[in-house]
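Student: Please read through the structure below; I'll follow up with questions.
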Amino acid sequence: MQNTRVALVGAGFMGRMHGQVYTALEGVDLVHVVDKDAERATSVAGPHGASTSASLDNLPEVDVVDICLPTDLHAEFAVRVLEMGKHVVCEKPMAISLAEADRMIEASERAGKRLMIAHCIRFWPEYVELRRLVESGELGRLLSLTMMRYSPFPSWGSDNWLADERRAGGAALDLHIHDTDFATYLMGRAPDEMVSFGNVDERGVSHVSTTMSFGETVIHAEGSWNLPAKAAFKMAFRATFERGAAIMDGGPLMVVTDEGSRVPEMPKMAASGAGGNISDLGGYYYELKYFYDALRDGKPLDQITPASSRLSLETVLAEIEAVKGARTVAA
Ligand SMILES: NC(=O)c1ccc[n+]([C@@H]2O[C@H](COP(=O)([O-])OP(=O)(O)OC[C@H]3O[C@@H](n4cnc5c(N)ncnc54)[C@H](O)[C@@H]3O)[C@@H](O)[C@H]2O)c1
């Protein structure tokens, strides 16, 4: 069987990460890299012997286009590529607005081509284990889940696009969506009720603190870009069940019960030299492997449907609206 041929568009932080994944993925060849910055395109293309260009106009024959562009460009590029008859895998968040997300979904349906938004946390080993614990009922019912994700403002973005709310959607849409997406994915639906508070600055919602209810399960998620420049990126969670807890907080995931605790074995893949704030390649490798395996085997992408990515976008946009609309009540 012929290898799947891929063009990568956007050779920044995430493009470099995906480039590393393509080195490790079998049956997939990265054959072309597009970036308006020729040096960036060449640095990602080099190890693969791939060709480069500054726009989609000179795209060679490929099966898939992998979009790692700033968020405000996702819809424009995805629709164009789908209309060219290529499958699309595109970085999260899906788009900057629901109207754009709908255009992407319609273009995918019209072309009969696949569209997967790369929500890496759904494939991140510790979160995969958390979902397994919930689904298996091993520790009883999930009572509550608290998730946390915070970092300094990510200053690495090309043209400082992350500072522009119309391009990135602030910390809420760019960073915190990982946890909102995981919450709706884990529970399989929108929350019954939700309340959000946070901080707003010139880049949009810079800190968001949201509590959601799903029946009797409570999920709280906090995301922030408000840390000082030297602070380290951190993601953490604590899940409490009827008969135990799963805790990841600055160390390995621990599953704790009245009998004791255990550290489940997690696969690790080191990422090197991509810049940004992530040192583990695993989640990106497993998400892209899932996409290319499903494509090769003609299987549905039921672990990440476009509708589920639209739901996480819709939920975060509602959080942003709530934060901006919140009024301080005098004591
Ligand atoms: N899954 C994750 O953990 C994760 C982490 C970081 C970023 N992201 C997402 O990945 C996407 C890209 O973010 P990033 O941090 O890699 O940004 P970046 O600024 O580092 O990279 C973007 C690249 O796109 C190129 N580019 C911009 N406009 C272009 C155009 N019109 N034509 C061709 N090239 C163009 C830039 O030159 C740059 O190299 C965003 O949607 C972001 O939210 C996901």
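Student: Using 5 Å bins from zero, what percent of all Cα-Cα pairs in region 4-118 falls into each bin?
Tutor: Result returned by the calculation: 2, 14, 25, 25, 20, 11, 3, 0.
Student: Counting each DSSP H run of 4 or more residues in the chain as -39500 (n - 2.57), what helix-only mean residue ellipticity at 222 nm follows after dividing by all residues, to the nearest 500 deg cm²/dmol?
Tutor: Working: 9 runs with 107 residues, N = 331.
Calculated mean residue ellipticity at 222 nm is -10000 deg cm²/dmol.
Student: Right, here's the next one. I'd like the carbon and sulfur percentage of the solvent accessible area for the chain, probe radius 1.4 Å, heavy atoms only, ligands and nucleic acids excluded. Mind dumping the intermediate values first?
Tutor: Working: 7300 of 14470 Å².
Carbon with sulfur: 50 percent of the solvent-accessible area.
Student: If you roll a 1.4 Å probe over the heavy atoms of the protein chains, what accessible area per residue do you get for the chain, in Å²? Walk me through the intermediate numbers first.
Tutor: Values: 14470 Å² over 331 residues.
On a per-residue basis, 44 Å².
Student: Students often forget the sequence filter, so: which aspartates and glutamates lie under 18 Å Cα-Cα from Lys299 once same-chain residues fewer than 8 apart are removed?
Tutor: Excluding near neighbours in sequence, the set is Glu26, Asp63, Glu109, Glu287.
Student: I've got another one for you. Can you give the accessible area of Lys299, probe radius 1.4 Å, in Å² rounded to 10?
Tutor: The accessible area comes out at roughly 120 Å².
Student: When the chain is fully extended, how far beyond the present Cα-Cα distance does Asn199 get from Glu109, taking 0.36 nm per residue of separation? The partial results should precede the final answer.
Tutor: On the way: separation 90, 0.36 × 90 = 32.40 nm, distance 3.80 nm.
Stretched out fully, the Asn199 to Glu109 stretch lengthens by 28.6 nm.
Student: FRET efficiency for Ser213 and Met1, Cβ-Cβ distance as r, R0 = 45 Å, nearest 0.05? Write down the numbers at each step before the final one.
Tutor: Numbers: r = 47 Å, r/R0 = 1.05.
Once rounded, the FRET efficiency stands at 0.45.
Student: I've got another one for you. Among Ser108, Ser155, Ser196, which one moves the most in a GNM of the chain with springs linking Cα atoms closer than 10 Å?
Tutor: Ser155
Student: Now for a separate question. Scan around Ala118 for amide H atoms under 5 Å from its own, H built in the peptide plane at 1.01 Å from N, and keep only partners 5 or more places away or cross-chain.
Tutor: Cys90, Glu91, Lys92
Student: In degrees between 0 and 90, to the nearest 10, how far off the longest principal axis of the chain does helix 177-187 point, with axes built from Cα atoms?
Tutor: Approximately 70 degrees, to the nearest 10.
Student: While we're on this one: Note down the accessible area of Thr4, probe 1.4 Å, to the nearest 10 Å².
Tutor: The accessible area of Thr4 comes to roughly 20 Å².
Student: Hey, which of these cross-link pairs are over 21 Å Cα-Cα: Lys234/Lys268; Lys113/Lys268; Lys230/Lys324?
Tutor: Values: Lys234/Lys268 17 Å; Lys113/Lys268 32 Å; Lys230/Lys324 28 Å.
Cα-Cα > 21 Å for Lys113/Lys268; Lys230/Lys324; rest within.
Student: Moving to a separate point now. Would you look at the GNM of the chain, springs on alpha carbons closer than 10 Å, and say which of Pro252, Pro70, Pro306 moves the most?
Tutor: Looking only at Pro252, Pro70, Pro306, the largest GNM fluctuation is found for Pro252.
Student: Rolling a 1.4 angstrom probe over the protein chains, ignoring ligands and nucleic acids, what is the accessible area of Lys324 in square angstrom, nearest 10?
Tutor: The accessible area comes out at roughly 90 Å².
Student: Amide H neighbours of Val205 under 5 Å, counting only residues 5+ apart in sequence or on other chains, H built in-plane at 1.01 Å?
Tutor: HN-HN under 5 Å from Val205: Ala171, Ala172.
The values are calculated or read from the model by the stated rules, or taken from the named source; none is laboratory data. From a predicted model like this one, the values you see are computed outputs, not experimental measurements. Glycine also receives a Cβ, built like all others from the backbone with ideal geometry; neighbour counts cover every protein chain displayed. Only protein heavy atoms, including side chains, enter the accessible area calculation; ligands, DNA and RNA are left aside. Shrake-Rupley method; radii C 1.70, N 1.55, O 1.52, S 1.80 Å.
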